[in-house]
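The values are calculated or read from the model by the stated rules, or taken from the named source; none is laboratory data. In this text, all values refer to a predicted model and were calculated from it rather than measured experimentally. Glycine gets a Cβ as well: all are built from the backbone with ideal geometry, and neighbour counts include every protein chain shown. Side chains included, ligands, DNA and RNA excluded: accessible areas come from the protein's heavy atoms. Shrake-Rupley method; radii C 1.70, N 1.55, O 1.52, S 1.80 Å.
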Amino acid sequence: MSALDRERIAHLKSPLARRVEFHEEIGSTQERARELARKGAPHGTLVVSKVQVGGKGRLGRSWISPPGGLWMSLVLRPEMPARYAARITQAAAVGVAKTLREFGVEVEIKWPNDLLIRGRKICGVLAQAIAGGDKQGYFVILGIGLNANLKPSDLKLADREAATLSSELGREVDLLKLLDALLRNLDAELGRLDDFEKILADWRKLNCTLGRHVRIRRFGEILEGEAADLNPEGALILKTQSGVFELFEGEIE
Ligand code: BTN
């Protein structure tokens, strides 16, 4: 088993770990990566922490991050125009799902980008596009929180049940190997953002949302209908009694 540290991560030689910051404890890797990006940190700057005491989830939630998880944020400077930045959400979910399947767990993607095992969340993905910075005028901070070597009871989640990799497998995983596989899969998916149709085809194969009747909370309102498909830019096509909606954001209840 290799414990995570800065040298070992840098040794992976991943294009997504060109610069590595490793912390024993931090507020949030997401906030730290954003701070570094604002100061000009290049594409492939990776921030990893053993523990987060102020981890951030989607929709302003907190993200419980005790030792044993993989808590990381990446600075990305995509070469494509900002209007395509939302593609990173599906690309990352596909990359994480492929990684977890390589480790032997049958994860599925719940729209927009939660990774579930039998309905319980094992990993959250937070892709935040932020204006300002480089020639494209934006950068993206991609945060990944993976419940790796933890017991579900370590994660005192109020509103959902959690799954963890070690509980699913019945053994702990080597976090360095997990990170290596994750960076390889993310790099492969992010490297084909121009071929977004292929990423969406994989997303469709891996998802557990399409074809189902869902209730989605978005900006305080509830939309209910059939999750029919994703449009070519990755928005969810929701067919309701009052019409068809195309959603980039929201939360399935
Ligand atoms: C979600 O709500 O599903 C997204 C959770 C993302 C959590 C990760 S953990 C690493 C990074 N740092 C944070 O503060 N958040 C992200």
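Could you please give the count of residues in the range 32-41 that are of a type outside the set (Gly, Ala, Ser) and either modelled with pLDDT under 95 or within 8 Å of the ligand (Cβ to nearest atom) (or both)?
Residues of the range 32-41 of a type outside the set (Gly, Ala, Ser): 32, 34-36, 38-39.
Remaining after also requiring either modelled with pLDDT under 95 or within 8 Å of the ligand (Cβ to nearest atom) (or both): 38-39.
Residues that pass the stated criteria total 2.
For the subset of the range 129-152 comprising residues that are farther than 18 Å from Glu79 by Cβ and of a type in the set (S, T, N, Q), which member is surrounded by the fewest Cβ atoms within 10 Å (Cβ to Cβ)?
Of all residues in the range 129-152, those farther than 18 Å from Glu79 by Cβ come to 143-152.
Of the ones still in play, those that are also of a type in the set (S, T, N, Q) are 147, 149.
Working: Asn147: 29, Asn149: 22.
Ranking the candidates gives Asn149 first.
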Checklist entry - In the range 51-79, what residues are open to solvent by 10 Å² or more (accessible area, probe 1.4 Å), more than 12 Å from the ligand (Cβ to nearest atom) and out of contact with any Lys or Arg (no Cβ under 6 Å at 6 or more places or on another chain)? => result Gly68, Arg77, Pro78, Glu79
Checklist entry - Out of (1) within 19 Å of Leu175 (Cα to Cα); (2) at pLDDT 95 or above; (3) not in a strand (DSSP E or B), what's the single condition that is false for Ser2? => result (2)
Checklist entry - For the range 111-130, which residues satisfy the criterion of being more than 12 Å from the ligand (Cβ to nearest atom) and part of a strand (DSSP E or B)? => result Ile117, Arg120, Ala129, Ile130
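Could you grab me the full set of residues in the range 131-153 that are in a loop (DSSP other than H, G, I, E, B) and under 22 Å from Leu59 (Cβ atoms)? Step through it out loud before you land on a result.
Just the residues of the range 131-153 that are in a loop (DSSP other than H, G, I, E, B), to begin with: 132-137, 147-151.
Of everything in the range 131-153, just one residue is in a loop (DSSP other than H, G, I, E, B) and under 22 Å from Leu59 (Cβ atoms), namely Asn147.
Do we find that Thr29 is open to solvent by less than 50 Å² (accessible area, probe 1.4 Å) and modelled with pLDDT under 95 in this structure? Walk me through it before giving the result.
Details: open to solvent by less than 50 Å² (accessible area, probe 1.4 Å): yes; modelled with pLDDT under 95: no.
Here the answer is no, as Thr29 does not meet what is asked.
Quick check: is even one residue across the range 188-202 within 16 Å of the ligand (Cβ to nearest atom) and either crowded, with 20+ Cβ neighbours inside 10 Å or in the same structural domain as Gly234 (by TED's automatic domain parsing) (or both)?
So the first thing to find is which residues in the range 188-202 are within 16 Å of the ligand (Cβ to nearest atom), and the list is none.
Checked the range 188-202: no residue is within 16 Å of the ligand (Cβ to nearest atom) and either crowded, with 20+ Cβ neighbours inside 10 Å or in the same structural domain as Gly234 (by TED's automatic domain parsing) (or both).
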Checklist entry - Out of curiosity, is Leu100 touching a residue at least 12 places away in the same chain (Cβ under 8 Å), within 16 Å of the ligand (Cβ to nearest atom) and assigned to a helix (DSSP H, G or I)? => result yes
